[in-house]
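Heads up, the thing below is written out as structure tokens.
The values are calculated or read from the model by the stated rules, or taken from the named source; none is laboratory data. This structure is a prediction, so every number in the text was calculated from the model and none was measured. Cβ sites come from the backbone with ideal geometry, for glycine too, and all protein chains shown count toward neighbours. What goes into the accessible areas is simple: the full protein's heavy atoms, side chains included, and nothing from ligands, DNA or RNA. Shrake-Rupley method; radii C 1.70, N 1.55, O 1.52, S 1.80 Å.
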Amino acid sequence: MCGIVGYVGSKQAAPLLLDGLEKLEYRGYDSAGLAVINEDGIRVEKSKGRLSALRALTDDGRTLPGSVGIGHTRWATHGEPSDINSHPHLSRSGRVAVVHNGIVENYMQLRDFLLSHGYAFVSDTDTEIVSQLMDYCYAGDPIAAVQKAVSMLEGSFALGILFSDYSWQLIAVRKDNPLVVGIGDNENFIASDIPALLKHTRSIMRLNEREVAVVTSSAVTVFDRNGDRVEKQTEQVLWDVAAAERGGYEHFMIKEIMEQPKAVRDTISPRIKDGRVELELTPGMNDVLKSVSNIIIIACGSAYHVGCIGALMMRRMLHIPVSAELASEFRFSYPVCGENTLCIIISQSGETADTLLALREAKKLGAKVISVVNVVGSTIANESDEVLYTFAGPEIAVATTKAYSAQLAMMYLLALRISDARGSIDKEEYEKCVEALFELPDHIGELLKRKEQIQYLASLYFNLRDIFFLGRNMDYALALEGSLKLKEISYIHSEAYAAGELKHGTISLVEKGTLLVALCTNERLLDKMVSSIREVKARGGVVIALAGEGAPGVEEAADHVIWLPRSQPFTLPSLSVIPLQLFAYYMASLKGCDIDKPRNLAKSVTVE
């Protein structure tokens with residue numbers, strides 16, 4: 001959510017900042033702005049709308065000369081999208097400029113405090129309070145001012161800060177929001193995500209909670225919350241720059257859909273050795289897997305849908321209570337969680353605010369935590385007892401596809417590893433499941449070759465206003481994901497229902513021409529799904545069915561059938577989701593939607 005870029009060096013800052021912000025557009029935003037220090041002090045330009053508006057306003061940065069600056073793309077939380085509410089925010093004295101990701105929860109108290117000291121405000125944002133507070137705390141030492149101001153803030157934040165009196169440096173600080181420092185050659189950077197830096201450097205430094213980085217062109221000095229200097233290690237970004245580029249595809253989303261065989265293979269292959277799943281867990285965690293009495297999978301959005309599939313799978317294989325919980329509800333739903341509980345946390349970014357807070361609640365209640373994340377060194381990874389990294393590579397499109405599939409692959413691995421530890425799976429089934437994992441990337445690749453059929457179906461129905469998804473058991477969890485993908489990027493109203501609930505109210509919405517997508521991959525429930533399709537057809541509905549090759553009765557009942565390659569049931573959810581992703585993509589494409597940057601959405605949701 002939102003994007004931060006900062007630069008200190010000998011080059012003109014504004015054009016570099018604009019380029020960096022462009023690399024962060026996928027995070028979602030509704031306005032953008034720059035602040036640059038020069039001989040006239042701090043100059044700020046900002047604009048509501050797309051980055052192109054800011055480029056035009058600044059003549060691609062040429063009207064903002066100076067070699068030290070900060071930039072921001074804002075996703076509105078406090079105050080509507082507007083020029084005034086855009087970041088950066090400048091203090092009344094003009095001495096301090098701030099860009100901010102996150103939310104200051106006590107901003108009204110701080111606002112009242114500053115008003116009582118003669119400060120006035122022009123915006124509706126919580127971020128303007130930060131710039132004014134740092135101005136209030138400033139007595140000639142910018143580090144002391146930042147430390148004091150930050151100690152007064154409640155909530156989450158990643159901050160980039162300029163002080164006009166210190167025109168050769170910028171300051172960065174973070175809490176519960178990602179921020180990295182890029183180390184260059186006589187130039188240094190800050191950014192909220194790595195793609196903004198890759199054009200200039202692969203050497204990065206990650207800031208821990210409440211660490212303050214003072215960044216100049218020649219050095220980066222980091223202090224902890226007590227003001228003591230911290231020695232930081234740099235790391236090298238190993239993935240290719242091209243991974244954050246479209247590579248000839250029209251959108252990042254279709255590129256990432258097509259990258260799923262590789263993402264799944266890269267996640268699975270290193271974890272299977274001599275026919276066994278090896279997750280390199282600590283001995284203590286291995287003991288937890290053997291004795292745990294219940295498992296709770298916690299996540300948000302698409303990751304939650306992964307968790308729903310994982311919970312059903314583990315419940316069947318482990319014979320213990322396993323549930324999936326929405327991270328945003330977990331802390332408030334009287335969780336039954338203790339020292340015999342294992343919590344599995346799923347987050348692509350490793351910074352999802354609700355998921356991070358749920359993790360902390362689970363640990364406070366005594367649970368052990370394994371996290372599944374894609375970003376090395378993220379907050380959730382650092383605060384978990386164990387972390388399992390997916391190897392999806394950078395995912396730029398807001399609507400997740402390959403990260404979802406990599407997370408689902410990790411659920412298979414975890415289910416096998418835990419069931420093996422507990423002795424709840426026999427040798428023959430275990431071997432079949434491992435074989436299915438090896439086959440999975442090729443099956444996904446085979447299915448992707450059939451994308452033209454999905455494109456054709458989308459061409460028939462992209463003008464519809466309402467579409468429904470039906471499924472049972474794991475197919476219901478997949479229906480939730482298919483519906484979410486469609487509404488996220490095409491803006492078509494869509495709902496998912498457990499097919500058994502159809503006659504308990506939902507069928508009243510079915511009329512002539514109503515489209516339903518029916519997932520029919522569960523052989524045990526196939527007859528029931530065919531009956532549901534017939535009920536829909538009898539009322540004038542149109543049905544697209546997803547089924548395994550040769551599933552009896554489906555072709556006769558449905559209007560269209562998308563056949564899935566023959567595969568073992570264990571990994572079938574990974575195949576079922578592919579047509580749903582493609583259907584959403586082509587529907588949105590035919591409607592002319594901004595697929596990679598859907599309205600009102602952000603890639604990494606770092607506020608509650």
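Residue-wise test of (1) out of contact with any His (no Cβ under 7 Å at 6 or more places or on another chain); (2) more than 30 Å from T352 (Cβ to Cβ); (3) surrounded by 18 or more Cβ atoms within 10 Å (Cβ to Cβ).
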position: S116; (1), (2), (3): yes, yes, no
position: Y136; (1), (2), (3): no, yes, yes
position: A144; (1), (2), (3): yes, yes, no
position: Q147; (1), (2), (3): yes, no, yes
position: L153; (1), (2), (3): yes, no, yes
position: L162; (1), (2), (3): yes, no, yes
position: V181; (1), (2), (3): yes, no, yes
position: N188; (1), (2), (3): yes, no, yes
position: A213; (1), (2), (3): yes, no, yes
Could you check, for region 548-561, whether at least one of its residues is surrounded by fewer than 23 Cβ atoms within 10 Å (Cβ to Cβ), outside any helix (DSSP H, G or I) and in contact with a Ser or Thr (Cβ under 7 Å, 6 or more places away or on another chain)? yes
Given (1) more than 15 Å from I544 (Cβ to Cβ); (2) part of a helix (DSSP H, G or I); (3) over 25 Å from the mean Cα position of the chain (by Cα), number of the condition L457 does not satisfy: (1)
State which residue is farthest from the chain's Cα centre (by Cα) when the search covers only region 100-114 and only residues that are buried (at least 18 other Cβ atoms within 10 Å of the Cβ) and part of a helix (DSSP H, G or I). L114
Conditions (1) part of a helix (DSSP H, G or I); (2) of a type in the set (S, T, Y); (3) open to solvent by less than 50 Å² (accessible area, probe 1.4 Å); (4) closer than 28 Å to K537 by Cβ -> S419 fails only (4)
Does A311 qualify as being in a helix (DSSP H, G or I), open to solvent by less than 60 Å² (accessible area, probe 1.4 Å) and either modelled with pLDDT under 95 or in contact with a His (Cβ under 9 Å, 6 or more places away or on another chain) (or both)? no
Number of the condition not met by A358 [criteria: (1) of a type in the set (A, V, I, L, M); (2) assigned to a strand (DSSP E or B); (3) in contact (Cβ under 8 Å) with a residue 60 or more places away in the chain; (4) in contact with a Cys (Cβ under 9 Å, 6 or more places away or on another chain)]: (2)
G548: over 27 Å from T401 (Cα atoms) and not charged (D, E, K, R), yes or no? no
Looking only at region 380-397, filter to residues that are more than 13 Å from the chain's Cα centre (by Cα) and assigned to a helix (DSSP H, G or I); which one of those is modelled with the highest pLDDT? E383
Tally, over region 244-277, of residues that are closer than 28 Å to R422 by Cβ, in contact (Cβ under 8 Å) with a residue 12 or more places away in the chain and charged (D, E, K, R): 4
Within region 5-27, how many residues turn out to be open to solvent by less than 20 Å² (accessible area, probe 1.4 Å), in contact (Cβ under 8 Å) with a residue 60 or more places away in the chain and either assigned to a helix (DSSP H, G or I) or under 19 Å from D83 (Cβ atoms) (or both)? 4
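How many residues does region 525-535 contain that are open to solvent by 40 Å² or more (accessible area, probe 1.4 Å) and either touching a residue at least 24 places away in the same chain (Cβ under 8 Å) or closer than 18 Å to S483 by Cα (or both)?
3
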